[in-house]
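The values are calculated or read from the model by the stated rules, or taken from the named source; none is laboratory data. Keep in mind that this is a model prediction, so the values were computed, not measured. Every residue, glycine among them, receives a Cβ derived from its backbone with ideal geometry; neighbour counts consider all protein chains shown.
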Amino acid sequence: MKYLVLFIVIMATYSASAQTAKEYYQKGNEFLKEKTYALAISSYDAAISLDSTYVFAYNNKGRACYESASQEEIIPGEQMKKLKAKLFEEGKEAFDKVIELTPKDADAHYSRGRCYWAMNYFESAIIDYTTTLEFDPKHLDAYYNRGLAYQEVNRNDGAVEDFNKILELRELSANTSEKYTDIYTLLGFSKRLLGQFDEALLDLEKAIEINPKDAAAYYHRGTIKAGTDAPEAGLLDLTKAIQLDPEFTKAYYQRGLTYRMQKDYKNALKDFSKVIEINPTANMGYISRGYTYANMGKAKDAIKDYNKALAVNPKDAATFIRKGYANVDLKAYDAAVVDFTAAIDLKTPFSSYAYNNRGNAKRLLKDYDGAMKDVNQSLQMDSLNAFGYSNRGLIWMDKEEQETAIEDFNRAIELNNQVAEFYYNRGTYYLNLKKYDKATADYSKSMELSPEYKQKEIPKLLKVAKKGFLSGK
């Protein structure tokens, strides 16, 4: 409506002197140069109303729409989002017309690609950037933006190719030596996602050499180090990234994960709380802080954070499952069943885990038939789910069907021999049958794999098993 009113005003203002399309176009260019975008757009519309094939007017209208939408927010919240979306759509439509009139205009395809990018239509942006490069193989901005779009759709091989192409072409062009200074950071990011860690580190070191204040380069390098064999070095890089950019949410988040991995829960909580402070609508902050509380044995605090995360995204099946775990820890088994059921109802790839865990909660409620039905459903959906076999073994054991139980415990360990819980469950089975030597071996293996798992119970049970073994009873 705003642009329609301006269009009418402009037409009325100049009608007395019978303005031509070219004159409206030139007036639009003046407004565009002054960054008075609304008046520029209306002037181009006036030109187009007089000449529907005025390709330059369409092109510059597209530019004005894009540049206007790319301004910093000047009105709050949703209203600004809607205005930006409308402007990007109008810009895209203007470039549609340019391409219709001049199909081989490389810059028009590039400009429309930028509109698609801004609208989060990354695949469409890639198509336009690719067309741009067909008509202009040395269009560095098209390589750059296509590389960014490839990253958005997780096609990092393509991103690496495009960023390397820029480096190749840049060496041939003295006029572009100061552009694309973040290329090595972007290369490092894509190679990190591809698992090419050594190459990524070399690129990121180059990025930091070029720009020692590149927070993103420190972040990516820190993430690689933290996830490999140098967590302390990773923490240093992540801290440097935060020092350079105190609002760097991803750096706080990754540093929080690293602290948690090192069982430094106090600092992990601080970082996840900072993530929430910077972006209260980002549910990952609540989820990760909740999971940290769960690791600390603070299930009630974990549930509070999971509920906040679910308020942001009520269709997050994984968080319902985590909340169910916390309720199991609190022995609130009925509440856990409700949580696991909510996860099942969402019909996501997590359904197998939800059925398995609901089965476990029902077992703890002594609803053995319901438990067996759920665990069987889980195994039907995923026959390689080792936790399903272990849980079913517990059900058989509770029902005193020992021979069937041992088959499931053995199957769980065959599928995954690195889970302390599986050996603990089988050890308890052996202890109940007074097979003390086997119970001792399984409890010892459980402690070896995870010294913190059942750290109060296992030493006592191990003592009982060893005593029984030595007595021969």
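Kindly check whether there is at least one residue in region 40-60 that is among the aliphatic types (A, V, I, L, M), free of Cβ contacts under 8 Å to residues at least 12 places away in the same chain, in a helix (DSSP H, G or I) and out of contact with any strand residue (DSSP E or B) (no Cβ under 8 Å at 6 or more places or on another chain).
There is no residue in region 40-60 that is among the aliphatic types (A, V, I, L, M), free of Cβ contacts under 8 Å to residues at least 12 places away in the same chain, in a helix (DSSP H, G or I) and out of contact with any strand residue (DSSP E or B) (no Cβ under 8 Å at 6 or more places or on another chain).
Based on this model, can you work out whether Ser111 counts as over 26 Å from the mean Cα position of the chain (by Cα) and under 30 Å from Ser42 (Cα atoms)?
yes
Tell me, which residue of region 203-229 that is surrounded by 15 or more Cβ atoms within 10 Å (Cβ to Cβ), among the hydrophobic types (A, V, I, L, M, F, W, C) and over 20 Å from the mean Cα position of the chain (by Cα) is farthest from Asn154 (Cα to Cα)?
Among them, the one singled out is Ile208.
With respect to Tyr129, is the statement that it is surrounded by 15 or more Cβ atoms within 10 Å (Cβ to Cβ), more than 29 Å from Lys92 (Cβ to Cβ), of a type in the set (Phe, Trp, Tyr) and touching a helix residue (DSSP H, G or I) at 6+ places or on another chain (Cβ under 8 Å) true?
no
Taking region 214-273 as the region of interest, how many residues are over 21 Å from Tyr291 (Cα atoms) and free of Cβ contacts under 8 Å to residues at least 12 places away in the same chain?
Number satisfying all stated conditions: 6.
Only one of (1) touching an Asp or Glu at 6+ places or on another chain (Cβ under 7 Å); (2) assigned to a loop (DSSP other than H, G, I, E, B) fails for Gly113. Which number is that?
Gly113 satisfies all of (1) touching an Asp or Glu at 6+ places or on another chain (Cβ under 7 Å); (2) assigned to a loop (DSSP other than H, G, I, E, B) except (2).
Examine region 364-382 for a residue that is assigned to a helix (DSSP H, G or I) and under 27 Å from Arg289 (Cβ atoms), and state whether such a residue exists.
For region 364-382, residues assigned to a helix (DSSP H, G or I) and under 27 Å from Arg289 (Cβ atoms): present.
Being surrounded by fewer than 22 Cβ atoms within 10 Å (Cβ to Cβ) and among the small types (Gly, Ala, Ser) is the filter; apply it to region 40-67 and report the residue that is farthest from Lys97 (Cα to Cα).
Here the answer is Ser49.
Consider region 404-451. How many of its residues are of a type in the set (Val, Ile, Thr) and under 34 Å from the mean Cα position of the chain (by Cα)?
Residues meeting the conditions: 2.
Would you check which residues across region 273-295 are modelled with pLDDT of 95 or more and touching a Leu at 6+ places or on another chain (Cβ under 9 Å) and list them?
If the condition is that a residue be modelled with pLDDT of 95 or more and touching a Leu at 6+ places or on another chain (Cβ under 9 Å), then Tyr286, Ser288, Arg289, Thr292, Tyr293 are the ones that fit.
Which is in a helix (DSSP H, G or I), within 29 Å of Pro451 (Cβ to Cβ) and in contact with a Ser or Thr (Cβ under 8 Å, 6 or more places away or on another chain), of Asn356, Asn327, Asn267?
Exactly one of Asn356, Asn327, Asn267 is in a helix (DSSP H, G or I), within 29 Å of Pro451 (Cβ to Cβ) and in contact with a Ser or Thr (Cβ under 8 Å, 6 or more places away or on another chain), namely Asn356.
Taking region 85-104 as the region of interest, how many residues are surrounded by fewer than 18 Cβ atoms within 10 Å (Cβ to Cβ) and of a type outside the set (Val, Ile, Thr)?
Final tally of qualifying residues: 9.
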